Amino acid sequence: MNFPQKLSMLMELRGINGKQLATKTGISRSSICLYLKGERIPKQSQIYRLAEVLKTNPSYLLGLSNDIYIPIISPQNSLVNDKETEMKRAIINEITEIISYQDLDNLKTILGIIKAVAK
């Protein structure tokens, strides 16, 4: 997976579009578009800003590592009964334990499940 593919995947996983990414990183929207097209590679300082906003390892974006940092998403305490909250937490814990950060093919599916359960 190359840089534009990784950037696009992370944006999708985080629910961030190009405009939002530009705003959050301070990188121009046109530069973000060029990164996604593979027509430009960001400078090191921009890689760090992208990684911070996308909650990933800069080494992953640069292709130096296959480890992608995915924070554990836990359900917020809301007006749900304790059994439902406990069940959600158990499911999320189980899924996050089996996530292989190198298994990128199933990562979108797993994160989708986690997000759906966490709602």
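The values are calculated or read from the model by the stated rules, or taken from the named source; none is laboratory data. Remember, it's a predicted structure, so these values are computed and weren't measured experimentally. Glycine gets a Cβ as well: all are built from the backbone with ideal geometry, and neighbour counts include every protein chain shown.
Residue count for the range 7-24 under the criterion of being modelled with pLDDT under 90 and basic (K, R): the result is 1. The single condition from (1) under 25 Å from G112 (Cβ atoms); (2) at pLDDT 90 or above that I27 fails is (1). Does S74 satisfy the criteria of being hydroxyl-bearing (S, T, Y) and either under 14 Å from the mean Cα position of the chain (by Cα) or modelled with pLDDT of 60 or more (or both)? Taking the combined requirement at face value, the residue does not satisfy it. Restricting attention to the range 23-45, the residues that are within 21 Å of I68 (Cα to Cα) and surrounded by fewer than 18 Cβ atoms within 10 Å (Cβ to Cβ) add up to 7.
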